[in-house]
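Below: the structure, in structure tokens.
Please treat every number below as a calculation from the coordinates, not as lab data. Remember, it's a predicted structure, so these values are computed and weren't measured experimentally. Cβ: placed from backbone, ideal geometry, glycine included. Neighbour counts: every protein chain shown.
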């Protein structure tokens, strides 16, 4: 990729943690297959991304908050930011149930890092609401998660600078649940790569 973006959309960090090849296909090649779960998630995010705010006795909830970090070169939209007792809590809505992987947590942490840079306020936790289970999961923004998030951002720019489609991951469960599996063709590609490596 000749020109690196000034700011990487932070939602693509979610894709990168899940699978580098998925990240490349979606961000660089703009591939997108809309199946039922994807469409459901898109419609729910449309509602969440309508700007506005609500107030109650505990504080206020701001919807569709633009966030960015000049230091990390990422930008995006936080679904919600709650202000409770002088503390900000980023809240991300996700389709389905609690994920098996850490990609949702990295996206949430990236939002928090942006908010911290903009406000100078330390954010100790965030929350993810999963529509499938109707539950809010509290995510502690630990040093390990912060380091993983920064490393993911660096990995994204490194991949883009390299300018090559990453190979498929060898992970049957992730590939089975990936909407881009028919485009990625992970099993077929891995088989071809294996055959090529055995050729004299």
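Structural remarks
- In degrees, nearest ten, helix 103-119 long axis to first principal axis of the chain (Cα): 50 degrees
- In the range 8-168, Cα pairs under 8 Å separated by at least six residues give a relative contact order of 23 percent.
- Alpha-carbon radius of gyration plus Dmax, which is the widest Cα pair, for the chain in Å: 18.1, 72
- Listing 174, 100 from fewest to most neighbouring C-beta atoms within 10 Å gives 100, 174.
- Taking 80, 157 and counting other C-beta atoms within 10 Å, the order from fewest to most: 157, 80
- Calculated FRET efficiency for the pair residue 181/residue 161, C-beta based, R₀ 35 Å, to 0.05: 0.85
- Calculated [θ] (222 nm, deg cm²/dmol) that DSSP helices of n ≥ 4 give over the chain, each run adding -39,500 (n - 2.57): -13500 deg cm²/dmol
- Helix 143-162 and the long axis of the chain differ in direction by around 50°, with both axes built from C-alpha atoms.
- Length added when fully stretched, residue 58-residue 129, from 0.36 nm per residue minus Cα-Cα: 23.7 nm
- Here the residues 140, 56, 177, ranked from fewest to most Cβ neighbours within 10 Å of their Cβ, fall in the order 56, 140, 177.
- Cα convex hull of the range 140-185, projected area averaged across orientations, nm²: 4.6 nm²
- Estimated at 0.36 nm per residue, the fully extended path between residue 144 and residue 172 surpasses their Cα-Cα distance by 7.4 nm.
- Separation of the range 81-109 from the range 117-188 is 12 Å, based on Cα centroids.
- Placing pseudo-labels 7 Å out from each Cα toward the beta carbon at residue 193 and residue 100 gives an inter-label distance of 2.0 nm.
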